[in-house]
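Worksheet: one structure, shown below.
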C-alpha cells in the first residue's frame, strides 16, 4: 500500500477539495482508505457528503493529559513553608490555568485552560501535582457514498494533543487498509507545519503540496517544502485558483521548474468549486468537466510515484 499525503502551509488553499476528488477517482480502479488528519477542524467527510451521524461509529480517544492537585499531598499555604514564600505553580503556568483558592489556601486547576505541559508538576515543592489521562478527542469510522472507508478525528473543545490523535487515526486507517487490502491511503493533512502535519507526513510515500498564486501562500509553501525535505519524502505541487493572479502564477511555475519540483497540475479559479462545497459533493462529481484537471493531477502523481 502507498500513502499519499496532501498538505499546504496555508489554510484554505484547497487541500480537502483536492483530496476528495483524488480519492473518488482513485477509488474507481483501486481500493483506498481516506483519512482526515486535521483533528482541529476536520471537513473531508463533509466534502465527500458524509455527515457526523452517517459514520458507522465514534469512539473516545484518551491521548491527552491534564494536571490535577493531589489533596492528600498538598500541604496548603498554611503548612508549606516554601509556598508561603512563592506560589510556584501559579508563577510557572503560562496559561493562567492555576488559581488560588483563598478560603482553602490551595491551588486549583482549570482544566479548560490547562494544556498538560507539566511545568507545574516539576516546580511543585511538595510533588502534589499529578498528570491524569483525559478524553481529549474522538475517532470516527465510516463509509463514503463512493464506496471507500474514511477515518476522521475531532478534538474536544479546549483540548490539545492533535499530533497524538493523528498517529491514532493513521494507525486505525492502517488496520482497515490491511483488512481490505487497500492499494492507497489518502491523507488530508492539517494546515501549517505544526505537530499534526508532522505526524501526517511521517511515513508517507508521496506528498502533494497545494498552493495558490498569492504571496502568503507561497511563503507558507516554502516552509512546508522544508518540512518535507527534512523527512526526505518525494513531492509534487498543485497550483490551485490558477488565474486569480496570472503574473504570480507564471512566477510560481518558473520557481518550481528552477527548483526541480514537479508541477502536477493547475486548478483554475472557478465558482463551481464553491457550489460543489455548498452541495457537499467532490468537485469532480459535481462538475464532470473538472475531471480532466484532476485526472492530469492524479496521473502525474502516480507517474512520479513510479519513479521512486
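The values are calculated or read from the model by the stated rules, or taken from the named source; none is laboratory data. These numbers come from a predicted model, not from an experiment. Neighbour counts run over all protein chains shown; Cβ positions are idealised from the backbone, glycine included.
Being surrounded by fewer than 16 Cβ atoms within 10 Å (Cβ to Cβ) and assigned to a helix (DSSP H, G or I) is a description that does not apply to residue 300.
Being in contact with a strand residue (DSSP E or B) (Cβ under 9 Å, 6 or more places away or on another chain), part of a helix (DSSP H, G or I), under 12 Å from residue 68 (Cα atoms) and not assigned by TED's automatic domain parsing to the domain that holds residue 47 is a description that applies to residue 121. A residue that is touching a residue at least 40 places away in the same chain (Cβ under 8 Å), in contact with a helix residue (DSSP H, G or I) (Cβ under 6 Å, 6 or more places away or on another chain) and closer than 19 Å to residue 19 by Cβ occurs somewhere in region 211-228.
Within region 18-38, being within 19 Å of residue 177 (Cβ to Cβ), in contact with a strand residue (DSSP E or B) (Cβ under 9 Å, 6 or more places away or on another chain) and assigned to a loop (DSSP other than H, G, I, E, B) holds for 27, 30, 31, 37. Every listed requirement among (1) touching a strand residue (DSSP E or B) at 6+ places or on another chain (Cβ under 9 Å); (2) more than 23 Å from residue 300 (Cα to Cα); (3) surrounded by fewer than 24 Cβ atoms within 10 Å (Cβ to Cβ) is met by residue 165 save one, (3). Among residues of region 232-253 that are without any contact (Cβ under 8 Å) to a residue 24 or more places away in the chain and assigned by TED's automatic domain parsing to the domain that holds residue 271, those with a beta-carbon under 8 Å from a residue that is buried (at least 22 other Cβ atoms within 10 Å of the Cβ) and assigned to a strand (DSSP E or B) at least six positions away or on a different chain give the pairs 253/239.
Scanning region 62-115 for residues that are over 16 Å from residue 128 (Cβ atoms), assigned to a loop (DSSP other than H, G, I, E, B), modelled with pLDDT under 85 and touching a helix residue (DSSP H, G or I) at 6+ places or on another chain (Cβ under 9 Å) yields a single hit, 63. Among the residues examined, residue 130 does not qualify as assigned to a loop (DSSP other than H, G, I, E, B), over 21 Å from the mean Cα position of the chain (by Cα) and either loosely packed, with under 15 Cβ neighbours inside 10 Å or modelled with pLDDT of 85 or more (or both). Remark: residue 152 falls outside the filter, which requires a residue to be in the same structural domain as residue 197 (by TED's automatic domain parsing), under 20 Å from residue 109 (Cα atoms) and either assigned to a helix (DSSP H, G or I) or under 18 Å from the mean Cα position of the chain (by Cα) (or both). Selection of first residues in region 63-82 that are farther than 30 Å from residue 155 by Cα and of second residues that are at pLDDT 70 or above and not in a loop (DSSP other than H, G, I, E, B), restricted to Cβ pairs under 7 Å at least 6 apart or on distinct chains, gives the following pairs, ordered by first then second residue: 74/106; 76/106.
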